[in-house]
Amino acid sequence: MLRRLARWAGSIPALLPLGFLAAIVLTLVFATGLENFGLSFFGTDWNPSTGDPSKAVFGIMTFVVGTLITSVFALVFALGLSLALALSIVFYLPPRMSQVLAPFVDLLAGIPSVVYGIWGFWIVAPVFGETINPTIVRYLGWIPGLQGPVIASGVGIPLAILILTLMIVPVTTTLIRDSLRAVPQALDESGLALGATRWEVIRRVDIPYAKRGMWSAVLLGFGRAVGETVAVFMVIGDATKLPASLLDVSYTMPGALVGQLDSAFIQPNYLHALAELAIVLFLITFVVNFAGRRFVSRIVVRPTGALSVRGAGP
Amino acid sequence: MNATEDSLVGTSARFRRRRRVDRWLGRLLPFTFLLVILPLLDMVYWIATRALPTFSWATLTTNPSGTSGGLYGPIVGSAEILAISTTIAAAIGIAGGIYTAEFASERMAATVRFTTNLLAGVPSIVVGYFGYFALVLYFGWGASLIAGSVTLSIFILPYVFRSADLAFASVPKDLREASLGMGSTRVQYIRRVAFPVALPQVLNGVFLAMAIGLGETAPLLYTAFWNNFPPTGLNQPVGYLTGLIWNYYDEPLSFGTEVTMAFQAAFILMVVVIVLNLAIRIIGGIYARRLRGLYH
Amino acid sequence: MSVPGEKTNGSVLATQDLSVWAGDKQILKSVTLEAPDRTLLAVIGPSGCGKTTFLRSLNRMVELSHGLRVDGTVRYLGQDIYDARVDPVLVRRRIGMVFQRPTVFPMSIYENVAFGLRLDRKPEDEVEKSVVGALQRAGLWDEVKDDLDRPALSLSGGQQQRLCIARALAVSPRVLLLDEPTSSLDPAATQKIEGTLQELREEMTIVLVTHNVAQAGRVSDRTAYFYQGRLVEVGPTADLFENPKDPLTEEYLTGRFG
Ligand SMILES: Nc1ncnc2c1ncn2[C@@H]1O[C@H](COP(=O)(O)OP(=O)(O)O)[C@@H](O)[C@H]1O
Ligand SMILES: [Mg+2]
């Protein structure tokens, strides 16, 4: 009896993550006051009308668009960079060099969001405003979406994409690296033993074998990009309108949540709208993470670095 | 079969092309590390350049006063938030990790791991909204040290949890069987055998959680709020380094005192995070060596 | 099949004072050994005696293990395969390898066998001819001819291993190296592979590492006995089994048989 009680009590901490997930959902639902904003909620018109709350309109589409544009581009760049990094670490660099260089990628993950933000806002933004964006417009302006405007301060979508890319590269690199390391060494060597070059084996054997891991990198990297809050808020310009081009200022879902809650404290419908926006954001990241996690192969601990797993350490 | 086909020196155009692609990829791919390292160096360089000229002892020992002053209050606030939230997260995470690795059925363990990973994927601002609505408003804690710390602890919990779980699950099976076979109870086995083996990896998770918690902003903005002074109680609002950057970074004067304070706070955060990362590396190395010894 | 101007002395592959070092530990100690044309050379010896290392140094696979250093020479048709101008990719093209466990690629049966041929952008009819031929020589054709598009992973273990042999044969190597190819297979599958090897040894040079002495007796023309990194003795299989010259060999063989 006592043992069963102890066992039951012991399982509580293990169930808390699930409990917190449920609590988050319930709280957010409650915070919406179940207010129905109708179809206009999916429109592009977001006007809290703080002077006269009854005239308020809450359409979240501008934030959704800003989030998707920045996340998709950042994901594409991050995946490319990560693939190159992971291939270098696993196949091309001598183990010593890998051990020295790989930690820099992890360090990128450790830098606080606000630090990316302040660096982006004061140090990198001017480079975009004065050099990069004008150059893009000059040479690529004929491509729809790149025709301007040039924001003088440099904040806007391109800068946000750069910062986001740096922030999700550690996530995607780790996933791709681990999935490549999980390719059985004998399989990899079989390719080489057939007289294929290193690259041919990577392209035709290792990457196909690691496909699931690659998909998890796509999904979990995207989830991370969509949810990134503070850094993007600081560098994207926070304009509540559809961006006129890929060089324009914009606004994201997490950005709106973090930037506007203090204005909504005393305006119930504004609070309700933000809570509903939070639910939309939660659902997107939840679905993406749910799918992504199903692709991550089970953790197998083989600290011996034996035949089956390339490289050292668990 | 002829002489050229048996020659081991590649001469055909097709072969030379295959070889060239491979060789150039091998040479060029590693240079992508520059795309990671250069931004990092740029960040360190510029933040140091903006923070250090005005950095002094007073920066660390005086409170912010509106638009100038030092960072004493936020430093103490960050430390207190971190201490409380890490304690909560470590208590739950280590207990949950041990349960998952040692006691839970396979199905339950899989479910727990999955939900923990899902919790890790919840955006920080969404956790912040939960803290604001549930703790600050509905529980009536108000924006305070305790509301901020609890909110943050939920955000960093998965990192401790996963590490503790992995640490105990990685203890070699024969160690466990030998220990249980000699008649020790499960609890004795965990305390005397598994814990010493798992400890470095558990600590690793705790440090990782601290590094992440220290750098978070969004879960705290509406739960801890702000204070120029160190908090005098759990129910008092509290200032913290990331909040200071958030509040001051976009003041109009690029070299004004507020922006400089924000850079100083960023500098401190960066240094602490780099040190924590080094600690994680070193402990991780110890752990890997220890486990490798056990498996051999 | 003789190559004009090459001093092969009838041996396709020959090592001279071949040593392999891991740091200051010597894994392979000055091995001098020849593999004549159209014979199957079996390499036997206790676990850890360096059989795999020896085999892997015959097609430069050994270079893929970080920290191993090779000394001495390995000649393929008279050319030193460790010569600076020699490309290991071509070495492996001529000297194929089959591993301890089946290592089929995550693609169809057909594409597995076609793997090496595709690297050369061979025309499809030529690829197909080679694939069919290789499957036939590996004794797998009759079992898979109707579902070449099935994933290779759906085959049984023994079939997978024969697929790996077919895959290696498809690029028509002169030499085939096999590292305990039947150690993970049941007796029936083992028997099939031994049958395949007995046919192949009529047409090419084969080096077979095996921990199974009886297998060496059944399929090989010559047998080499390794002990602690040294080549103790080599000779025609029947001679070596019946009157081993070295007491170490005798001890090993009798230990195994009686
Ligand atoms: N990469 C390596 N580094 C260090 N030692 C090795 C390495 N590979 C093999 N060895 C050692 O060399 C010896 C021979 O190994 P191996 O060739 O695999 O033997 P066998 O195949 O006969 O069992 C063993 O003692 C093994 O531990
Ligand atoms: Mg072996």
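Observations
- Centroid-to-centroid separation of segment C:192-258 and segment A:1-62 [C-alpha atoms, Å]: 72
- With both residues required to sit in chain C, DSSP beta bridges show an antiparallel share near 60%.
- As a ratio to 2.2 N^0.38 Å, the alpha-carbon radius of gyration computed for segment A:60-307 takes the value 1.15.
- Reachable aspartates and glutamates from A:K211, criterion Cα separation under 15 angstrom, eight or more residues apart if same chain: A:D178, A:D188
- Residue order for C:T73, A:T197, fewest other beta carbons within 10 angstrom first, comes to C:T73, A:T197.
- Take each residue in C:152-164, count the other chain C-beta atoms within 10 Å of its C-beta, and the mean is 0.
- Bridging of C:K129 to aspartates and glutamates at a Cα separation below 17 Å is possible for C:E111, C:D120, C:D142, C:D146, C:D147, C:D149, once same-chain residues fewer than 8 apart are set aside.
- Extension gain, A:L26 to A:F42, is 3.5 nm, computed as 0.36 nm per intervening residue step minus the present C-alpha separation.
- Centroid-to-centroid separation of segment C:89-143 and segment B:115-155 [C-alpha atoms, Å]: 58
- Rounded to 5, percent antiparallel among DSSP beta bridges of the protein assembly as shown: 60
- Cα convex hull volume per residue for chain B (Å³): 238
- Folded to 0 to 90 degrees: helix A:268-295 orientation relative to chain A principal axis, Cα: 10
- The calculated FRET efficiency for the pair C:E250 and C:S30, based on their C-beta separation and a Förster distance of 22 Å, comes to about 0.45.
- Hz values of 3J(HN,Hα) by residue in segment B:273-287 - Karplus curve (6.51, -1.76, 1.60), Gly and Pro given as x: 5, 5, 5, 4, 4, 4, 4, 4, 4, 5, 4, x, x, 4, 4
- Set of aspartates and glutamates near C:K245 by C-alpha distance (under 12 Å), chain-local residues within fewer than 8 positions excluded: C:E233
- Taking Cβ atoms as reference points and 13 Å as the exclusive limit, the residues near A:L159 contribute a net charge of -3, counting Lys and Arg as +1 and Asp and Glu as -1.
- Principal semi-axes in Å for segment C:169-258 [√(5λ), Cα gyration tensor, largest first]: 24, 15, 12
- Taking a sphere under 12 Å around the Cβ of B:L294 and counting the other residues whose Cβ falls inside, with K and R at +1 and D and E at -1, yields a net charge of +4.
- Each of B:F114 and B:T232 was given a label point 7 Å from its Cα along the Cα-to-Cβ line. The distance between the two points is 5.1 nm.
- Label-point separation in nm, C:Q136 to A:V57, each point 7 Å along Cα→Cβ: 7.6
- Modelled FRET efficiency - R0 60 Å, C:Q228 with A:V127, Cβ distances, 0.05 increments: 0.40
- Helical mean residue ellipticity (222 nm; -39500 (n - 2.57) per DSSP H run of 4+; nearest 500) of chain C: -10500 deg cm²/dmol
- Around the amide H of C:A224, modelled in the peptide plane, lie the amide H atoms of C:A42, C:V43, C:I44, all under 5 Å away and 5 or more residues distant in sequence or on another chain.
- Residue among C:P102, C:P88, C:P181 with the largest mean-square fluctuation in a Gaussian network model of chain C, springs linking Cα atoms under 10 Å: C:P88
- Taking Cβ atoms as reference points and 15 Å as the exclusive limit, the residues near C:L28 contribute a net charge of +2, counting Lys and Arg as +1 and Asp and Glu as -1.
- In this label model, A:I143 and B:R19 are separated by 3.7 nm, measuring between points 7 Å along each Cα→Cβ vector.
- Sorting B:W24, B:W141, B:W246 from the fewest to the most surrounding beta carbons within 10 angstrom yields B:W24, B:W141, B:W246.
- Ordering A:K241, C:K51 by the number of other Cβ atoms within 10 Å of each residue's own Cβ, fewest first, gives A:K241, C:K51.
- The slack between B:V9 and B:D250, meaning 0.36 nm per residue of separation minus the straight C-alpha distance, is 80.4 nm.
- Positive-pole candidate from A:P48, B:A265, B:F207, dipole of the protein assembly as shown, charges at beta carbon: B:F207
Values in this text are rule-based calculations from the coordinates and carry no lab data. In this text the structure is predicted, and so the values were computed from the model without any measurement. We place every Cβ from the backbone using ideal geometry, glycine too, and count neighbours over all the protein chains shown.
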